[in-house]
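No lab work stands behind these numbers, since they all come straight from the coordinates. This structure is a prediction, so every number in the text was calculated from the model and none was measured. Positions of Cβ are generated from backbone atoms using ideal geometry, with glycine treated the same way; all protein chains shown enter the neighbour counts.
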Amino acid sequence: MNGLLHGKRGLVMGVANDHSIAWGIAKTLAAHGASLAFTYQGDALGKRVKPLAASVGSDLVLPCDVEDLATVDAAFARLGEVWGSLDFLVHAIAFSDKSELKGRYADTTRENFVRTMVISCFSFTEIAKRAAALMPAGGSIVTLTYGGSTRVMPNYNVMGVAKAALEASVRYLAVDYGPRGIRVNAVSAGPVRTLAGAGIADARLMFNYQKRHAPLRRTVSIEEVGGAALYLLSDLSTGTTGEVHFVDSGYNIISMPHPEALKT
Ligand code: NAD
């Protein structure tokens, strides 16, 4: 099945290191023939992202901090110059102050609420607009979400609210861009040990709980998330838009843990 993305060009945003979900996605897309560009947030991460990009044959690696719209515009201007057009986009960006990824959602501050929403939710809308402008022949856009959007996950707090808004954005953008042949979907990944994941209080507990109680009795790899992104970004899914697709070992369907799992 190799070659599903042969001849297609896409931008991957959100690689911090080789544990990043975006990196699992990038490796999978590259293995299926995609030409990739990457963005990175700040010089320190740039030093990590550049060699990773090189390992999948990419030298189009651009700085971009979504809090600074000028850097977003500069990245897309450069992509336009070099490639002219784009077939797909991966948005795997989120941030909230660690001090509010614990305790009660009720105590969220206005400042962190706004910052979390801008980086983790509205950046998707701003970036999708710029990507769509480079997709005259249609395309596919994917963002990353988590089940804390619809069900309460301890400590996830404001990030759950941001993911709910992100998933709603996916549906609205799917309608806005559908007539142009641009599809917009989300992958809802189960817990993965990443830099962002480690910022959530009791992350290890959450990870182990899902491992024990998910129908598949395990967590997911970044390559498995990559497989779902490959489907959504390739022509395998041309009839699908506005979806939130779970890659979580089935955890989202569980109401109560299985009694057998509770005994272990
Ligand atoms: P990660 O730390 O590897 O990636 C997060 C990325 O967001 C980093 O590359 C970081 O540079 C980027 N970012 C943060 N603020 C930014 C800004 N202002 N401008 C540009 N980039 C910025 O962690 P990850 O877990 O791979 O996260 C990727 C996505 O997957 C996020 O949307 C996250 O919410 C989502 N997700 C993670 C999990 C998990 O358990 N780790 C589960 C489901 C969904």
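Please give the calculated 222 nm ellipticity per residue for the chain, where each DSSP H segment of at least 4 residues contributes -39500 (n - 2.57) and the sum is spread over every residue; nearest 500 deg cm²/dmol? It would help to have the intermediate numbers written out before the result.
Working: 10 runs with 110 residues, N = 264.
Calculated mean residue ellipticity at 222 nm is -12500 deg cm²/dmol.
Shown for ILE21, ILE141: other C-beta atoms within 10 Å of each C-beta, ranked fewest to most, produce the order ILE21, ILE141. Taking a straight line from the alpha carbon of LYS47, these lysines sit under 20 Å away, with near neighbours fewer than eight places off in the same chain left out: LYS27.
Exposure proxy for TRP23, TRP83: other Cβ atoms within 10 Å of each Cβ, ordered fewest to most, give TRP83, TRP23. Taking all Cα-Cα distances within segment 9-263, those exceeding 31 Å account for 20%. The ranking of GLU223, GLU167, GLU111 from fewest to most other beta carbons within 10 Å of each one's beta carbon is GLU111, GLU223, GLU167. FRET efficiency for the pair GLU111 and LYS50, taken as 1/(1 + (r/R0)^6) with r the Cβ-Cβ distance and R0 = 30 Å, rounds to 0.35.
For the chain, the relative contact order works out to 20 percent when only alpha carbon pairs closer than 8 Å and six or more residues apart are counted. Taking amide hydrogens as placed 1.01 Å from N in the peptide plane, the amide H of VAL61 sits under 5 Å from those of PHE38, each at least 5 positions away in sequence or on another chain.
Enumerate the residues in segment 186-223 having an amide nitrogen under 20 Å from the point lying 7 Å beyond the Cα of ARG104 toward its Cβ. Label zone hits: 201-202. Between the helical axis of 21-31 and the longest alpha-carbon principal axis of the chain there is an angle of about 50 degrees.
Note that segment 127-135 has calculated 3J(HN,Hα) couplings of 6, 4, 4, 6, 5, 4, 5, 9, 10 Hz, one per residue in order, obtained from phi through the Karplus relation 6.51 cos²θ - 1.76 cosθ + 1.60 (θ = phi - 60°); glycine and proline are x. Amide hydrogen proximity for HIS245: with H placed 1.01 Å from N in the peptide plane, the residues at 5 or more positions away or on another chain lying under 5 Å are ALA186, VAL187, SER188. Comparing ARG110, ARG217, ARG78 in a Gaussian network model of the chain, where Cα atoms under 10 Å apart are tied by springs, the biggest mean-square fluctuation is seen for ARG110.
In straight-distance terms, cross-link reach from LYS163 covers every one of the lysines whose alpha-carbon lies under 24 Å from its own, apart from those fewer than eight places away in the same chain; here that gives LYS98, LYS102, LYS129, LYS211.
Output needed for segment 127-264: three equivalent-ellipsoid semi-axes, defined as square roots of 5 times the C-alpha gyration tensor eigenvalues, in descending order, whole Å.
Working: eigenvalues 185, 49, 32 Å².
After scaling each eigenvalue by five and taking roots: 30, 16, 13 Å.
Over all orientations, segment 1-127 has a Cα convex hull whose mean projected area works out to 8.8 square nanometres. Projecting the Cα atoms of PHE124, LEU233, LEU36 onto the charge dipole of the chain, computed from C-beta unit charges around the Cα centre, puts LEU233 farthest toward the positive end.
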